[in-house]
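The values are calculated or read from the model by the stated rules, or taken from the named source; none is laboratory data. Please read all numbers here as calculations on a predicted model, not as lab measurements. Counting neighbours? That spans all protein chains shown, and the Cβs are built from the backbone with ideal geometry, glycine included. Areas reflect the complete protein model, heavy atoms only, side chains present, ligands, DNA and RNA absent. Shrake-Rupley method; radii C 1.70, N 1.55, O 1.52, S 1.80 Å.
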Amino acid sequence: MERYKDIIPNFEAFKAVLHRPLFNCCRINTLKIERARLLERLDEKGIGWRIFDWYPFGLKLDVQSPGKLLENLLGYIHIQEELSMLPPLLLDPQPGEVVLDLCASPGSKTTQISQMMNNQGLVIANEPSLARVSPLRSNCERLGALNVAITRYDGRNFPRGSFDRVLVDAPCTSEGRERRGRGTIARSNRKRSLDLQKLQIGLLKNATRLAKPKGVVIYSTCTYAPEENELVVEKVLDDARLERISISGLKDCPGITEWSGETMKGDLSKCARYYPHINDTGGFFVAKLIKN
Amino acid sequence: MNSSEVARLWKSRFGIPEKAFAGYRFFRKAQSVWMISASDLPNLSYEALGMRIMNLKDRPWKPTTCALQILGKHATKNLVHLNESQAMTFLEGKSLPVDTNLEPGYVVVLYREEVLGCGLYSRGIVISQLPKERRMTSCS
């Protein structure tokens, strides 16, 4: 963790907040219930809630086991980390489009994309692991996502397509999940990041190939390691350009442009980093790319 | 499988109008029928297409709970309305006596006008067909 001392602002506050668990959060699933009706139901049950400052369908819930709520079983809400709702928002899928979610399971972002498209158009949810297809399917069915087709390719070799938008929510060292369970940062190291980097570059390169010209590619991880973030994005800048990210109500820090004494090419400061002590969330990284 | 074949079965059992099935495509794989929003499907190898809505293996055919939660609001027959304590029993996955006169078979189970899921009705008893992972645990 100390290797991030120079890139994470106010490092002592960062370390201190990791001991504090996160709020339980959920997304209101408008495929099955109107937002106002869901909020009424929570009020009737006396469950405290607070809407995110930056996303009207995200809620912090004042309840111990939100997964056991009837509203969850009926698919009116989906338990989802606050910043996990960010990549679909930046992807900005429109009804009728064809969208690829390259690393889909368990489907939190897939179903949010489906919700944003109002079940119109097509979402291809790709998940290579058979074991992980089951929760993906289950979440799509519970949430009433009817425009999702599931494939099982290795994302690096997903064969063909011409997608309006592609999401790569890549496998990563998950350092940003430390507040959900201590130890992910301790288990993480540069070597693990470099091993994952090969996979992440393969995924992002293929995602960029699969997008239409001018199509949007979102690359996200829940980790801090530049090896898994900016240094991955840097590899596709010949084929796509970065667009600056700015979400009202959510403070981001710019992507880093120097690491281990080396300066990266391109304007990687347009990437966005989210730190737990700044918005009281988990940690996250997102880049928005527009294919040439 | 074409849309009108599917619609005919749901109309006959639940009185759901054919127009509720407009805008979807249907696929049959083994004994299951899947429903997906109509759009061109790229030439890929698919693991699943949309939502599994019914199983044709047994007689009568069985609707899935997730499909009833979408389509059941259009149903006009073979509905069972539960009170609060009955709804809790149903959500726990148990059987419950109901005072109603229905054709034996699968029914749409509702509480406060909301579809909870699929039940199997026979001789005054509704047996909850909720999948295990969609049930409430008694302690909560």
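Within segment A:152-180, being within 14 Å of chain B (Cβ to nearest Cβ) and touching an Asp or Glu at 6+ places or on another chain (Cβ under 6 Å) holds for A:Arg152, A:Asp164. The set of residues in segment A:53-77 that are more than 10 Å from every other protein chain (Cβ to nearest Cβ) and surrounded by fewer than 24 Cβ atoms within 10 Å (Cβ to Cβ) comprises A:Asp53, A:Trp54, A:Tyr55, A:Pro56, A:Phe57, A:Gly58, A:Lys60, A:Leu61, A:Asp62, A:Val63, A:Pro66, A:Glu71. Checked against the criterion of being within 13 Å of chain A (Cβ to nearest Cβ), under 13 Å from the mean Cα position of the chain (by Cα) and β-branched (Val, Ile, Thr), the candidates B:Ile36, B:Ile53, B:Ile16 yield just one match: B:Ile53.
Kindly evaluate B:Leu102 against the criterion of being modelled with pLDDT under 95 and in contact with a strand residue (DSSP E or B) (Cβ under 6 Å, 6 or more places away or on another chain).
Working: modelled with pLDDT under 95: yes; in contact with a strand residue (DSSP E or B) (Cβ under 6 Å, 6 or more places away or on another chain): yes.
The answer is yes for B:Leu102.
Highlighted here are the strands (runs of 3 or more DSSP E) found entirely within segment B:42-140 that include at least 3 residues which are of a type in the set (Val, Ile, Thr) and open to solvent by less than 80 Å² (accessible area, probe 1.4 Å): B:105-111, B:125-128.
Could you tell me which residue of segment A:248-262 is farthest from the chain's Cα centre (by Cα), considering only residues that are within 25 Å of A:Gly215 (Cβ to Cβ) and open to solvent by less than 30 Å² (accessible area, probe 1.4 Å)?
A:Gly255
May I ask you to say which residue of A:Arg156, A:Arg137, A:Arg177, A:Arg160 is among the basic types (Lys, Arg), surrounded by fewer than 24 Cβ atoms within 10 Å (Cβ to Cβ) and in a loop (DSSP other than H, G, I, E, B)? Can you show your working first?
Working: A:Arg156 fails: in a loop (DSSP other than H, G, I, E, B); A:Arg137 fails: in a loop (DSSP other than H, G, I, E, B); A:Arg177 fails: in a loop (DSSP other than H, G, I, E, B).
So the residue among A:Arg156, A:Arg137, A:Arg177, A:Arg160 that is among the basic types (Lys, Arg), surrounded by fewer than 24 Cβ atoms within 10 Å (Cβ to Cβ) and in a loop (DSSP other than H, G, I, E, B) is A:Arg160.
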